[in-house]
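Below is one structure, written out as structure tokens, with a few remarks after it.
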Amino acid sequence: MIRKLIAAGAIAMTLATGPAGAETDPLHSDWDDLLGTYVVEGEDGVNLFNYGGLKANFQDTAKLNAYLEQFHDLDFDTLTPDEQFAAYSNIYNALTIQHMIGRYPVKSIRSGHLVGPWKKVFTVIDGEQVSLDDIEHAILRVQFDDPRVHYAVNCASYGCPNLQTEAWVAETLDEDLDQAARDFINHPRGVTVRRNGSLQVSTIYKWFKEDFGGSNDGVIEHLREYAEGDLAEALKTDRKIRKHEYDWALNDYKDPTS
């Protein structure tokens, strides 16, 4: 269960079986299919997206557009808090992909922008026009107050936590968010112990430090919660964060056969 809940009613939904045998909310079945088709799990632990493949498939681009359009007049008050969190996260990721497909090929989501496109990319949710920036910062971070939101949304960049191979769904939300946190934190782009013993961490933990306790010590406590193996052992002793890194390169999969 998301740690800070917002008031909402419950909706009864029949579950469908997704491509990996997992239960998939039918509201997100099209997005689940697209993720299963176009997300490629890299050998280095970073999931990539086949933007070129989706852009060339008019049927699937239409499916992506239709997926987002179904939320235009959906009453979100009929959804439970976990269903809302899953929906907003899926919409954010799908809208980002839609935006990138429209601009592809580019080297980065920031290409052509001084900062980025997040305040300029819009969709309609529950009758209101909202931007990517609104979804992340005015809705997800504020209404749910859960640092794992940063592992749920993907900004089409190599340095970002992975875009998942399946849609977020309420039934498995907690465990899936925890796994996404573990996957990122235990990957070098999340945390690296430097040779001098200090930590290099993703700039996400600098940009959104307030979501991780408001201090470097708070960030490290969060990292300890999900660290495994050698990293968990390293974090048992006192460590200092000395460097932040983030790679804005597009998380683009290039099909070697095309």
Quiz item: For the stretch 119-142, which residues satisfy the criterion of being touching a residue at least 24 places away in the same chain (Cβ under 8 Å) and either of a type in the set (A, V, I, L, M, F, W, C) or closer than 20 Å to M100 by Cβ (or both)?
Solution: V121, T123, V124, I125, L132, I135, E136, I139, L140
Self-check item: Hits in the stretch 29-62 (condition: closer than 10 Å to Y253 by Cβ and aromatic (F, W, Y))
Solution: Y38, F49, Y51
Quiz item: Which of the residues spanning the stretch 100-129 are touching a helix residue (DSSP H, G or I) at 6+ places or on another chain (Cβ under 8 Å), over 17 Å from L48 (Cβ atoms) and either surrounded by 17 or more Cβ atoms within 10 Å (Cβ to Cβ) or among the charged types (D, E, K, R) (or both)?
Solution: P117, W118, K119, V121, T123, I125, D126
Practice problem: Could you check how many residues of the stretch 39-65 are over 27 Å from V191 (Cα atoms) and crowded, with 20+ Cβ neighbours inside 10 Å? | Solution: 3
Quiz item: Within the stretch 131-145, can you find the residues that are under 23 Å from V201 (Cβ atoms) and either surrounded by fewer than 20 Cβ atoms within 10 Å (Cβ to Cβ) or modelled with pLDDT under 95 (or both)?
Solution: H137, R141, D145
Quiz item: Out of (1) farther than 20 Å from G36 by Cα; (2) modelled with pLDDT of 95 or more, the odd one out for H99 is which?
Solution: (1)
Quiz item: Among the residues of the stretch 81-101, is any of a type in the set (D, E) and outside any helix (DSSP H, G or I)?
Solution: no
Practice problem: Kindly check whether there is at least one residue in the stretch 213-229 that is in contact with a helix residue (DSSP H, G or I) (Cβ under 9 Å, 6 or more places away or on another chain) and of a type in the set (S, T, N, Q). | Solution: yes
Quiz item: Which of the residues belonging to the stretch 148-159 are assigned to a helix (DSSP H, G or I) and at positive phi?
Solution: none
Quiz item: Does any residue of the stretch 111-130 turn out to be touching a Ser or Thr at 6+ places or on another chain (Cβ under 9 Å), closer than 27 Å to R224 by Cβ and at pLDDT 95 or above?
Solution: no
Quiz item: Counting only residues that are more than 15 Å from the chain's Cα centre (by Cα) and among the hydroxyl-bearing types (S, T, Y), which one in the stretch 50-108 is nearest to D176 (Cα to Cα)?
Solution: T80
Quiz prompt | Scope the stretch 204-216; condition surrounded by fewer than 14 Cβ atoms within 10 Å (Cβ to Cβ) and of a type in the set (S, T, Y); matching residues | solution = S215
Exercise. Could you grab me the full set of residues in the stretch 115-157 that are of a type in the set (V, I, T) and touching an Asp or Glu at 6+ places or on another chain (Cβ under 7 Å)?
Key: V153
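For (1) surrounded by 12 or more Cβ atoms within 10 Å (Cβ to Cβ); (2) of a type in the set (F, W, Y); (3) modelled with pLDDT of 95 or more, each residue gets a yes or a no:
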site: G218; (1), (2), (3): yes, no, yes
site: L223; (1), (2), (3): yes, no, yes
site: D230; (1), (2), (3): no, no, yes
site: E233; (1), (2), (3): no, no, yes
site: R242; (1), (2), (3): yes, no, yes
site: D252; (1), (2), (3): yes, no, yes
site: T257; (1), (2), (3): no, no, no
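Quick one: which helices (runs of 4 or more DSSP H) sit completely within the stretch 160-258 and have at least 1 residues that are of a type in the set (A, V, I, L, M, F, W, C) and touching a residue at least 40 places away in the same chain (Cβ under 8 Å)?
On the way: elements: 173-185, 204-207, 216-226, 229-234.
In the stretch 160-258, the matching helices (runs of 4 or more DSSP H) lie at 173-185, 204-207, 229-234.
Can you tell me which residues in the stretch 23-43 are under 19 Å from the mean Cα position of the chain (by Cα), modelled with pLDDT under 95 and either closer than 27 Å to V142 by Cβ or not polar (S, T, N, Q) (or both)?
D25, G42 - these are the residues of the stretch 23-43 that are under 19 Å from the mean Cα position of the chain (by Cα), modelled with pLDDT under 95 and either closer than 27 Å to V142 by Cβ or not polar (S, T, N, Q) (or both).
The values are calculated or read from the model by the stated rules, or taken from the named source; none is laboratory data. Source: prediction; values computed, not measured. Don't worry about glycine lacking a Cβ; one is built from the backbone with ideal geometry, like all the others, and counts go over all protein chains shown.
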